[in-house]
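Asks: Sharing a structure below in structure tokens format, with a few things to ask.
The values are calculated or read from the model by the stated rules, or taken from the named source; none is laboratory data. Only a predicted model underlies this, so the values are computations on that prediction, with no experimental measurement involved. Every residue, glycine as well, gets a Cβ built from its backbone with ideal geometry; the counts of neighbours run over all protein chains shown. These accessible areas exclude ligands, DNA and RNA; they are computed on the full protein's heavy atoms, side chains included. Shrake-Rupley method; radii C 1.70, N 1.55, O 1.52, S 1.80 Å.
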Amino acid sequence: MVDFHSHILPQMDDGSSGVEESFEMLSALARQGVETVIATPHFYANDESVSDFLARREKSFAALNASVGKGLPDILLGAEVKYYEGISRMAGLEALCIGNTGLLLLEMPMKRWTEYTLRELIDISCSGKIILVLAHVERYLSFQSSGTIDYLLKNGILLQINAGFLCGTFSKRKALGLLKRQAVHFIGSDCHNMSDRPPDIGRAYEIIRKKLGNDFSQAFINFAKDFLNKN
Ligand SMILES: [Fe+2]
């Protein structure tokens, strides 16, 4: 199983406070059956250059690697890139993609997206160099007009939901509905620490298996695995 969205790198952002907490988070993910975790620290173009971010991420990753043992999930490096108007012209955007996959996890504004914003997403997507994945899309749904999500899906944009969306008493049905109509491609724990935002993704995968069946669940798990392996 893949955890597509996490803040497990030590002292990189508002996630893990240090190597020890990262180790606990990775151990928790391993216990839940996660084999690969994508590290997606926040990237804000206003605050930092791409090269500074990558250097910082490398340092954090090296510190973690030096301290953790075997039996933990593999870590693939990525970023959770905050959208801003003009991002489609940003130099170095490709360097923020996850490993060699060409997948870019994008954090969107919490408001109705403008025509301009939608155009930019399509422009990036149509460039052929980057496959956009919108992070925790459940947060934005209520702001958008009814056809927006289908429009994005039709244009090759992929969607990620957080595990909490599937586990929530009131949101579970909506999450399962999106999954059933193939509108969700990846799940992430979006874990930040071991206290108020801990890794908790095993339950979400279990809900998919119980509610949508073994075949669906296996196909969903394989989709993420295959995507990461073949790229
Ligand atoms: Fe996040």
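Asks: Can you give the convex hull volume of the alpha carbon atoms of segment 7-75 per residue, in Å³?
Replies: Looking at segment 7-75, the number lands at 75 Å³ per residue.
Asks: Suppose we flag chymotrypsin sites (Phe, Trp or Tyr not before Pro) only when DSSP calls them loop and at most 15 other Cβ atoms lie within 10 Å. Which is the longest uninterrupted stretch of the chain?
Replies: The longest such stretch corresponds to 85-169.
Asks: With a 1.4 Å probe and every protein chain kept in, tell me what percent of the accessible surface of the chain is carbon plus sulfur.
Replies: 49 percent
Asks: What full-extension length gain, to one decimal in nm, is calculated for THR114 and LYS70 as 0.36 nm per residue of separation minus the Cα-Cα distance?
Replies: Gain in length upon complete extension: 11.2 nm.
Asks: Moving on to the next point. Most fluctuating residue of GLN160, GLN144, GLN32 in a GNM of the chain with Cα springs under 10 Å: which is it?
Replies: Of GLN160, GLN144, GLN32, the Gaussian network model singles out GLN144 as fluctuating most.
Asks: Also: Considering the chain as a Gaussian network with a 10 Å cut-off on Cα pairs, which listed residue, ARG89, ARG181, ARG119, attains the greatest mean-square fluctuation?
Replies: Greatest mean-square fluctuation among the candidates belongs to ARG181.
Asks: Would you mind calculating the gained length between ARG203 and ARG173 on full extension (0.36 nm times residue separation, minus the Cα-Cα distance), in nm to one decimal?
Replies: Separation in residues times 0.36 nm, less the Cα-Cα distance, equals 9.3 nm.
Asks: Next question, about the same structure. Note the count of lysine pairs whose C-alpha atoms are less than 14 angstrom apart in the chain, limited to pairs 8 or more residues apart or on different chains.
Replies: So the count works out to 7.
Asks: Specify the residue with the greatest mean-square fluctuation among THR148, THR169, THR117, computed from a Gaussian network of the chain linking alpha-carbon atoms under 10 Å apart.
Replies: THR169
Asks: Based on the Kirkwood radius over alpha-carbon pairs, what value in µm²/s does the Stokes-Einstein equation return for the translational diffusion coefficient of the chain at 4 °C and 1.567 mPa s?
Replies: 73 µm²/s
Asks: Only helical DSSP H runs with n ≥ 4 go in: add -39500 (n - 2.57) per run for the chain, normalise by residue count and round the 222 nm mean residue ellipticity to 500 deg cm²/dmol.
Replies: Rounded to the nearest 500, it is -12000 deg cm²/dmol.
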